[in-house]
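Novice: Before I ask anything, let me first share the structure, which is written out below as structure tokens.
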Amino acid sequence: MLLDDELPGLTYLKLLCEQLPELEVVRAYNNPEIFLKELPTLAFDLCILDIEMPGTNGLQIAALLKGKPVIFTTAYTEFAADAFDLDAVDYVRKPITKERLQQAVQKVGQRINKSESSRNFVQLNTDKGKTLLFFDTIGYVSASETDSRDKFVQLTDGHTLTLKNISFEKLEGLLPAADFCRINKKQMIALKSVQHFSHDQITTAFSDAAGKSIVLTLNEIYRTDFLKKVKL
């Protein structure tokens, strides 16, 4: 989420953020009052905002974000102490460079990963609405045959779930790397679902309608990573 009352600065910040693959700009606001009015309905993981704004300033807004990571952007230095009193992740001086913004965003990633390391689930949009998907319930994930933006999840209890509009790259960042592995361009598997494997095939713990074990393809591109993980 972006907030800066100066439209040229906001446009430039949005442009920089769109050049960082780990970021997705949900909304960009140039009016703090509108931002605060819509805040209860907004879903986001990070807010990048200016400090000096008319009416409610960035420090006051950050205090209302209930612990969400914040990166402050400002042309002034005198607010730094106040910013870090609010546990801001970083304080970026204007004019902002892509390299400096990247550094700040990496700090956010480290904080989020640290806070989520003890979690055993992730919240995702699915065909059944927002769902808490527990890691130990996932068998394997495949690209949807009807829409490659969606992902089909085979659950360990035999049920299935469709994740809406999410990439494998995003999933790899959300799921525990030690427990899951990409095995081809269209599939990733929970290692506990592997019964046995060969040079180019993985036999899973799941069966099809005829009772035969479901076999997935192990692509050469992903084989080395897979072998490392199953040997750990």
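Novice: Where residues in region 51-60 are of a type outside the set (Gly, Ala, Ser) and open to solvent by 10 Å² or more (accessible area, probe 1.4 Å), which of them is nearest to residue 5 (Cα to Cα)?
Specialist: That would be 53.
Novice: Let me confirm something: among 161, 155, which residue is open to solvent by less than 20 Å² (accessible area, probe 1.4 Å) and in contact with a Ser or Thr (Cβ under 8 Å, 6 or more places away or on another chain)?
Specialist: 161
Novice: Regarding region 101-122, can at least one residue be identified that is in a loop (DSSP other than H, G, I, E, B), among the small types (Gly, Ala, Ser) and out of contact with any helix residue (DSSP H, G or I) (no Cβ under 6 Å at 6 or more places or on another chain)? Don't jump to the end; show me each part of the working.
Specialist: Residues of region 101-122 in a loop (DSSP other than H, G, I, E, B): 117-120.
After this cut, where a residue has to be among the small types (Gly, Ala, Ser) as well, the list is 117-118.
If we keep only those that are out of contact with any helix residue (DSSP H, G or I) (no Cβ under 6 Å at 6 or more places or on another chain) too, we end up with 117-118.
Yes: region 101-122 contains one or more residues that are in a loop (DSSP other than H, G, I, E, B), among the small types (Gly, Ala, Ser) and out of contact with any helix residue (DSSP H, G or I) (no Cβ under 6 Å at 6 or more places or on another chain).
Novice: Here is a follow-up. Give me the pairs, please: first residue somewhere in region 91-119 and at pLDDT below 85, second residue anywhere and open to solvent by less than 70 Å² (accessible area, probe 1.4 Å) and assigned to a loop (DSSP other than H, G, I, E, B), beta-carbon distance under 8 Å, and either six or more positions apart or on two chains.
Specialist: Short answer, once both residue conditions are applied: 111/69; 111/89; 112/69.
Novice: Failed condition for residue 205, given (1) part of a strand (DSSP E or B); (2) within 30 Å of residue 69 (Cα to Cα); (3) open to solvent by 30 Å² or more (accessible area, probe 1.4 Å), with all others met?
Specialist: The failed condition is (2).
Novice: Now a separate question. Yes or no: region 24-47 includes at least one residue that is under 19 Å from residue 104 (Cα atoms), open to solvent by less than 10 Å² (accessible area, probe 1.4 Å) and either in contact (Cβ under 8 Å) with a residue 12 or more places away in the chain or part of a loop (DSSP other than H, G, I, E, B) (or both).
Specialist: So far as region 24-47 goes, yes, one or more of its residues are under 19 Å from residue 104 (Cα atoms), open to solvent by less than 10 Å² (accessible area, probe 1.4 Å) and either in contact (Cβ under 8 Å) with a residue 12 or more places away in the chain or part of a loop (DSSP other than H, G, I, E, B) (or both).
Novice: Take the residues in region 70-88 that are at pLDDT 90 or above and out of contact with any Asp or Glu (no Cβ under 7 Å at 6 or more places or on another chain); name whichever of them is farthest from residue 37 (Cα to Cα).
Specialist: 72
Quick grid of which residues meet (1) modelled with pLDDT under 95; (2) in the same structural domain as residue 23 (by the TED database); (3) not β-branched (Val, Ile, Thr):
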position: 147; (1), (2), (3): yes, no, yes
position: 169; (1), (2), (3): yes, no, yes
position: 185; (1), (2), (3): no, no, yes
position: 188; (1), (2), (3): no, no, yes
position: 202; (1), (2), (3): no, no, no
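Novice: Looking at region 88-100 only, could you name the residues that are assigned to a loop (DSSP other than H, G, I, E, B) and open to solvent by 60 Å² or more (accessible area, probe 1.4 Å)?
Specialist: Result: 95, 97.
Novice: Taking strands (runs of 3 or more DSSP E) that fall entirely within region 142-195, which contain at least 2 residues that are under 19 Å from the mean Cα position of the chain (by Cα) and without any contact (Cβ under 8 Å) to a residue 24 or more places away in the chain?
Specialist: Per the criteria, 151-155.
Novice: Where residues in region 1-21 are loosely packed, with under 14 Cβ neighbours inside 10 Å and part of a loop (DSSP other than H, G, I, E, B), which of them is modelled with the highest pLDDT?
Specialist: Checking each candidate, the answer is 19.
Novice: Could you tell me which numbered condition residue 73 fails, if it satisfies all but one of (1) of a type in the set (S, T, N, Q); (2) open to solvent by 20 Å² or more (accessible area, probe 1.4 Å); (3) not in a loop (DSSP other than H, G, I, E, B)?
Specialist: Unmet for residue 73, out of (1) of a type in the set (S, T, N, Q); (2) open to solvent by 20 Å² or more (accessible area, probe 1.4 Å); (3) not in a loop (DSSP other than H, G, I, E, B): (2).
Novice: Tally up the residues in region 208-232 that are farther than 19 Å from residue 143 by Cβ, in contact with a strand residue (DSSP E or B) (Cβ under 6 Å, 6 or more places away or on another chain) and not in a helix (DSSP H, G or I), please.
Specialist: Final tally of qualifying residues: 1.
Novice: Right, next: So is residue 63 in contact with a Leu (Cβ under 7 Å, 6 or more places away or on another chain), open to solvent by 40 Å² or more (accessible area, probe 1.4 Å) and either in contact (Cβ under 8 Å) with a residue 40 or more places away in the chain or closer than 30 Å to residue 125 by Cα (or both) or not?
Specialist: Yes; evaluated as a whole, the condition is true for this residue.
The values are calculated or read from the model by the stated rules, or taken from the named source; none is laboratory data. Since we're looking at a predicted model, the values are computed, not measured. Reconstructed Cβ throughout: ideal geometry from the backbone, glycine too, with neighbour counts over all protein chains shown. Protein only, heavy atoms only, side chains kept; ligands, DNA and RNA dropped before computing areas. Shrake-Rupley method; radii C 1.70, N 1.55, O 1.52, S 1.80 Å.
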